[in-house]
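To start, the structure under review is shown below, and the notes come after it.
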Amino acid sequence: MYYIGVDLGGTTIKVGLLNSDYEIIKKVVIPTGAERSSEEVLRDMAMLCREIMQEHNLTEEDVHSIGIGSPGIASPIEGIIHYASNLNFNEVNVRNEIQKYINLPVYVENDANCAALAEAICGAAKGEKDVVVMTLGTGVGGGIIINGKVYSGAFCGGGEIGHHVIEMNGRPCGCGRKGCLEQYASATALINDAKAAAKANAGSSLNDMVEDGNLDNMTAKIVFDAAQSGDEVAAAVLDQYFRYVAHGVANIVYMLQPSTVVLGGGMSAQKENLTGPVTQYAAEEMCPGLELRNPVKAAILGNDAGIIGAALVGTTL
């Protein structure tokens, strides 16, 4: 049996064909053309799915389903994207549109939930039934897996890990609240904190390691590299960052007590350099009976997680 997964973004549409071992055997990427109508975008998506099937001599009987991961709020059972901020999608029945061109079951799910599902089924948390994935990138996203299935709440909007408040009246967040985890634990937050620290400490190697000496070229990797080279300013920035991430992890464990917490997004490239300190600090925050029983892990599926998870949505409903 084969599965088709689609990672629908504001910039690109990524379509992957998975085999029975959940391995991507073909991947195609095309521009989304987000300014277009949902009907036009979905027609191109359906045609791409058909082309991949034809290339591998597959009939509709050979393919289990098409799963689509989308930003925003989506209902997998109904096959509807209720809202996607960077697309012209508002109460769009994706299933009906795709099935105009291809006769297969169609499911939709939030893209972060898809990535979490992939890490639970065949990634860093393979074999675990209760998993939370926290994605650390431009913002902080996440997905909750309970008993092997995505949990998204009564109205499909659950799992917004980045918007629980960790500091009352703290840093303003794009969501309208103040003090959200996203403003402290995202890669963006780390970069901003590193810029401020470098500006206040002219002797820090953070200033020397950015391209052209321009702090606007700061990256998360530079902060890690500077700290590992012995720069005390960078090390202090990182230590604070680890504690913020750990605070979020501890909150998740108190609320849900998953067997595994996985850190995804661009920051996961740091692997043990990230998960080691976060595990230590999160464990220090737990009380007896609610100990952090397993170390925090780094995601391993990278940019393919969205495709893989989307393809497998239909297998878990």
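The values are calculated or read from the model by the stated rules, or taken from the named source; none is laboratory data. Just so you know, these numbers come straight off a predicted model, no measurement behind them. Glycine gets a Cβ as well: all are built from the backbone with ideal geometry, and neighbour counts include every protein chain shown. Areas reflect the complete protein model, heavy atoms only, side chains present, ligands, DNA and RNA absent. Shrake-Rupley method; radii C 1.70, N 1.55, O 1.52, S 1.80 Å.
Key figures for this structure:
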read-out	value
Top-ranked residue of region 63-112 - restricted to ones that are part of a helix (DSSP H, G or I) and at pLDDT 95 or above, ranked as most open to solvent (accessible area, probe 1.4 Å)	Asn96
Residue in region 114-126 that is open to solvent by 10 Å² or more (accessible area, probe 1.4 Å), of a type in the set (Asp, Glu), in contact (Cβ under 8 Å) with a residue 40 or more places away in the chain and assigned to a helix (DSSP H, G or I) present	no
Breaking point among (1) of a type outside the set (D, E, K, R); (2) closer than 17 Å to Leu104 by Cβ; (3) part of a strand (DSSP E or B), for Ala46	(3)
Options Val150, Val210, Val132: the member that is over 22 Å from Thr275 (Cβ atoms) and under 15 Å from the mean Cα position of the chain (by Cα)	Val150
Filter result for Val296 (touching a residue at least 24 places away in the same chain (Cβ under 8 Å), under 18 Å from Glu128 (Cβ atoms) and either out of contact with any helix residue (DSSP H, G or I) (no Cβ under 8 Å at 6 or more places or on another chain) or crowded, with 23+ Cβ neighbours inside 10 Å (or both))	yes
Residues of region 134-164 classified as among the polar types (S, T, N, Q) and part of a strand (DSSP E or B), total	1
Matching residues, region 194-208, being of a type in the set (A, V, I, L, M, F, W, C), open to solvent by 50 Å² or more (accessible area, probe 1.4 Å) and within 19 Å of Gln240 (Cβ to Cβ)	Ala196, Ala200
Hey, Met1 among the hydrophobic types (A, V, I, L, M, F, W, C), open to solvent by 10 Å² or more (accessible area, probe 1.4 Å), touching a residue at least 60 places away in the same chain (Cβ under 8 Å) and within 23 Å of Asn103 (Cβ to Cβ) or not	yes
Residue among Asp212, Asp231, Asp239 that alone is modelled with pLDDT under 95 and more than 27 Å from Asn303 (Cβ to Cβ)	Asp212
Criterion violated by Glu167 - all others in (1) assigned to a helix (DSSP H, G or I); (2) open to solvent by 70 Å² or more (accessible area, probe 1.4 Å) satisfied	(1)
